[in-house]
1. Excluding residues on the same chain fewer than 8 positions from A:Lys55, give the lysines whose Cα lies under 20 Å from its Cα.
2. If chain B were replaced by its equivalent ellipsoid, with semi-axes equal to the square roots of 5 times the Cα gyration tensor eigenvalues, what would those be, largest first, whole Å?
3. Long-range amide H contacts for B:Asp79: which residues qualify at under 5 Å (H placed 1.01 Å from N, peptide plane, sequence gap of 5 or more or a different chain)?
4. In Å, what is the Rg of the alpha-carbon atoms in segment A:4-68, and how long is Dmax?
5. Which whole-Hz couplings ³J(HN,Hα) result when phi for each residue of segment B:32-37 is put into the Karplus expression 6.51 cos²θ - 1.76 cosθ + 1.60, θ = phi - 60°, listed in order with x for Gly and Pro?
6. Could you please report the charge total around A:Lys51, scoring K, R as +1 and D, E as -1 over all other residues with beta-carbon less than 13 angstrom from its beta-carbon?
7. Which of B:Ser315, B:Ser107, B:Ser70 ends up with the largest GNM mean-square fluctuation for chain B, with Cα atoms connected below 10 Å?
8. If you rank B:Met300, A:Met1, B:Met251, B:Met123 by fewest surrounding Cβ atoms within 10 Å, what's the result?
Amino acid sequence: MTRYKNVNGVRIQFTAEEETIRDAEEAEAVIRIQNKADAQIAADAKKASGKQKLKNLGLDDDEIKELTGA
Amino acid sequence: MAYIGKIPLAGAFRKCDAITTSSTATYNLTVSSVAVSPESANNCIVSLNGVIQAPTSAYTIAGSTIVFNSSLTSADVVDFILILGDVLSIGTPSDDSINSNHYVDGSIDTAHIADDQITLAKMAAGTDGQIITYDASGNPAAVGPGSDGQVLTSTGAGSPPAFEAAPGGGFTHLKTTTISSGTATVDFSHGSGGVVFDSTYNAYLFILSDVHPANDGIPFELTFSTDAGSSYLSSGYAYAHKGRRSGGADMNHNSASDSVIDCTSNNIGNGVVETVSMQLWFHKPSNADGHKLVSMHSAMIDNDGHYVATVSMGSNSSTSAITGVRFKFGTGNIDRGSFTMFGVKNS
């Protein structure tokens, strides 16, 4: 699919070189997206396990929220 | 001063009908059998028995009658009575027969100029760019024309306004780009289309509104150019986010070495209502002493429908002057949104 860039308000078709660069950028972005999602999942999991450990110590949800913000 | 008494008919010279005298002093005045009323005795030439009569002493005028100072007899002969109009009046001039030579210089007063009659073409010529104001004496005065970029300012009471340098500091709108169909990147680069991206301004502010991705779950990214948009740096970027998502999750990400600046702490959804809006400050892009810094605030709806707020920063390790920026989603197109660029001067 032909790509376009908008430069200072003017819509311009990508050159072949720009298409190649953009293909590479999108391939990198896919990896970055996955890494970001994985990091968020890991952070959420750690947060959940930490919260559970606090509960096991006897803290209620309100106390945990005041301590952790979540 | 207004005329006292009945205004004479201008230019009317009329000979009265013949009068048959009798033993009375009063006689009707008619012209062609129609009663006439001279304005005064002085407006009549009366000949009686071959002698011109003195006005007011030999006769008076009362309406449409002449009253001799004594009764006449049937032997007396009124030779003629000539009624004079206003002999000093020129009467009613013909249309378009009076020119300015017949007016006393400076004699046309305000009352003789109707409202809304002075057109621009009738005004004296001035200098291109001047405006008309009033001076301290209340007289019209020309101001200006000033020079390019100056603004008209008040100089206070008793003094005409003046063209002066615009106040220093503030925002200058440079460009708004509106996207309504698939576009891979939105670029602002120095030197064309009204975009200035150099040391002219102390900082640049970008306002991005309702930016919507074609693909789902995509980060919004930023890269820099050091050659006015001919190419964009693909390494040396760093960023850090502090985000919060509805539902309570913190969303903090950072990178010290990446190929882009990731502008948002979560990926943006492509549902119709899922977009990102943000403001981005680019500080001193021409500064060659340190790394270039951008600071950002964003509001977005992610691909899970959560509302996400992010405070973030981005940078590139280049010390070259940055002369262009490129906004894009990680993959796919931007299919709608507006991007506005302001230059900000400190003074």
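1. A:Lys46, A:Lys47, A:Lys65
2. That gives 101, 23, 16 Å for the three semi-axes.
3. B:Ser47, B:Leu48, B:Asn49, B:Gly50
4. Values for segment A:4-68 (Cα only, Rg and Dmax): 22.4, 63 Å.
5. 6, 6, 10, 4, 10, 10
6. -2
7. Of B:Ser315, B:Ser107, B:Ser70, the Gaussian network model singles out B:Ser70 as fluctuating most.
8. Least to most surrounded, the residues fall as A:Met1, B:Met123, B:Met251, B:Met300.
Any read-out appearing in this document is the output of simple, stated calculations on the displayed coordinates, not a laboratory observation. In this text, all values refer to a predicted model and were calculated from it rather than measured experimentally. Here the Cβ is made from the backbone with ideal geometry for all residues, glycine too, and neighbour counts use every protein chain on show.
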